[in-house]
Amino acid sequence: MSLVEDRGTVAPADTFHSTDPANGSLVAELPVHTADDVAAAVARAREAAQAWGALGFSGRRTRLAAYRGYLARRMHELADLVHRENGKPHADALLEITLAVDHLAWAGAHAKKTLGPRSVAPGLLAANHQAVLEYQPLGVVGVIGPWNYPVFTPMGSIAYALAAGNAVVFKPSEFTPAVGMWLAEAWAAAVPDLPDALQVVTGLGETGAALCRAGVGKVAFTGSTATGKKVMATCAETLTPVLMECGGKDAMIVDDDADVAAAADAAVWGAMSNGGQTCIGIERVYATTAVHDAFVAAVTAKVSALRPGSDEAAAYGPMTMPSQADVVRRHLDAATADGGRAATGGTLTDGYVAPTVLLDVPETSAAVQEETFGPTITITRVDDAEQALELANGTSLGLGGSVFTGSARRGMDLARRMRSGMTSINSVITFASVPSLPFGGVGDSGFGRIHGEDGLREFTRAKAITRQRFALPVPLMSFARPEKAADALARVMGLVHGRHR
Ligand code: NDP
């Protein structure tokens, strides 16, 4: 029998193991779902989508509330599983689940207002019609998720897709499949009349690829840019639309008049929490000459107090995915080979990366240009905020970012011009916790949006309906149209629009 290898443990080829990244112990053995299994799940979901859609907004809202209630009552149980399978501290897992619950509440409460039918102005040419716009579900949405926030990240798609009236088939990362399974089992327990509206299929990349080929209405992908390109190519085979939430290399700008202590605190949290394995984590800081030295001193002091580990007091856990440690190692090596230096950290021991502050790393270095996804940060001295912005905008990725400044106006101006989907002023990552704000990137960070009204619409198709309220005395769109009607219309349009120069 061929074997599947995973973090040193082996499982039969039709199953795979997830393990605790802190000690390699087995967390779960799960099936590798085949293309047939995935097709069967999607077929069940398609049927469930009919019933789920027929419930209407209020029926779905009630059930989404039952789901969030179930999660909220079992937060510690789920957080414990996240801690074991992903490695992050229990408290960080709780925070992640809290955010997911909040998004579920928002999506359920706002779906009707955002997506429900509304009359819109019919315009001059169709003044005798009622014009109705509504957003209809796509049927079944396939969600492919990563391991770094195994609850919050997929829920950003799942909650909004469900609230919009779709059924969901979710393929979690092979590193956090038990968390995915837990979420589906929780759904079945909380919404027993429609368990198939949210299902999970487990496996490796091939299972995800099968979901792309299964004829779903859309695939919502969250993961690396490289895998995102593969997912798009697979989806192109069946013209399946995609939502791409990919990687980031988020920058923080620290301006002359910034609160340096607050900026340092935020930078350290933004860079090091979750072991830096955060798509919207801060990986680069551009600090103006006026504040640079004080900022470096404050960051270095804070970082020296951090200790990675798997115990309750640890600041962050091990690298969840072993191969990511290789990327971090490569970037650390590149940073020093390219002329930079580590003010602190720079080591990688037994799957734990020491909190690392890198200085004087050239912009061309892989450590500055590529997503590192570890507890590392580069700090670069710049003349002013304009230069900082230019460098911040200098990578192909553009997910989030942060600006620290004493001026609200300047902050807004820099935030607007930052090439990213989201920016927080005088904080980090805040936008992800605001359910009414859309979440997503530009460039290699992907396209499409989860969260907020845009996130609800992302999982729908716009439907346009006109209803004639009364017939015009002179029909325009008929072969019975009088000969002079078009000339008369042209005269009217000339009067209405012709005066504009
Ligand atoms: P990967 O790209 O490695 O995997 C993402 C998902 O895609 C996994 O479920 C994976 O399954 C699946 N997959 C792999 N190959 C294929 C394939 N050929 N077809 C279909 N699906 C496939 O990402 P990671 O799990 O390593 O997650 C980390 C990345 O996610 C980082 O780049 C991070 O920035 C990004 N991310 C982006 C976010 C955003 O909102 N923009 C949020 C969170 C993370 P398997 O695990 O079984 O291989």
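Here, each number is a calculation from the coordinates, and none is a lab measurement. Treat the numbers as computed from the prediction; the structure is a model and nothing was measured. Neighbour counts are summed over all protein chains in view; Cβ atoms, including those assigned to glycine, are modelled from backbone coordinates with ideal geometry.
Just to verify a number: FRET efficiency for T238 and E47, C-beta to C-beta distance, R0 = 30 Å, to 0.05? Write out the running numbers ahead of the final one.
Numbers: r = 20 Å, r/R0 = 0.67.
The value I calculate is 0.90.
Could you please state, rounded to a whole Å, how far the C-alpha centre of region 270-312 is from the C-alpha centre of region 481-500? Rounded to whole Å, the Cα centres lie 66 Å apart. The Cα center of region 61-94 and the Cα center of region 154-193 differ in position by 12 Å. Among V140, L26, Q277, which residue has its Cα positioned farthest towards the positive end of the charge dipole of the chain, with +1 placed on the Cβ of Lys and Arg, -1 on the Cβ of Asp and Glu, and the dipole taken about the Cα centre? Checked the options; the winner is V140.
May I ask you to derive the relative contact order of the chain, considering only C-alpha pairs under 8 Å and at least 6 residues apart, and to give it as an integer percent? Walk me through the intermediate numbers first.
Details: 1129 pairs, mean separation 82.7, N = 501.
It rounds to 17 percent for the chain.
Rounded to the nearest 0.05, the FRET efficiency derived from the C-beta distance between T289 and D413 at R0 = 25 Å is 0.80.
Dipole orientation for region 279-412: of the candidates T349, T372, A297, A297 has the Cα lying most toward the positive pole (charges on Cβ; Lys, Arg +1; Asp, Glu -1).
Longest stretch of the chain clear of exposed loop sites (chymotrypsin sites (Phe, Trp or Tyr not before Pro), DSSP loop, at most 10 other Cβ atoms within 10 Å, sites excluded): 1-469. Size descriptor for the chain, Kirkwood hydrodynamic radius: 24.4 Å (Cα pairs only, one decimal). DSSP beta bridges confined to region 329-462 are antiparallel in about 55 percent of cases. Using the Cβ-Cβ distance between E134 and D80 with R0 set to 45 Å, the FRET efficiency from 1/(1 + (r/R0)^6) comes to roughly 0.60.
If you take every DSSP beta bridge fully contained in the chain, what fraction is antiparallel? Give it as a percent rounded to 5.
Working: 31 of 68 bridges.
The answer is about 45 percent antiparallel.
For L198, the residues whose amide H sits under 5 Å from its own are V168, ignoring neighbours fewer than 5 places away on the same chain, with H placed 1.01 Å from N. With contacts taken as Cα pairs under 8 Å and at least 6 residues apart, region 244-329 reaches a relative contact order of 31 percent.
Dipole of region 17-95 computed with +1 at Lys/Arg Cβ and -1 at Asp/Glu Cβ about the Cα centre; of A66, H17, A41, farthest Cα towards the positive end is A66.
Among M252, M493, M319, which comes first, then next, by fewest other beta-carbon atoms within 10 Å? Each step should come with its number before you reach the end.
Working: M252 29, M493 12, M319 25.
Neighbour counts put them in this order, fewest first: M493, M319, M252.
Annotation: Cα Rg of region 302-393 relative to the compact-globule expectation 2.2 N^0.38 Å equals 1.14. Checking the Cα-Cα distances for K229/K249; K112/K171; K88/K230; K218/K463; K112/K229 against a 24 Å cut-off, the pairs over it are K112/K171; K88/K230; K112/K229. Estimated from helical segments only, the mean residue ellipticity of the chain at 222 nm is -13000 deg cm²/dmol, where each DSSP H run of four or more residues counts as -39500 (n - 2.57). Using θ = phi - 60° in the Karplus curve 6.51 cos²θ - 1.76 cosθ + 1.60, the 3J(HN,Hα) couplings for region 493-501 round to 5, x, 5, 6, 9, x, 6, 7, 10 Hz; x is entered for Gly and Pro.
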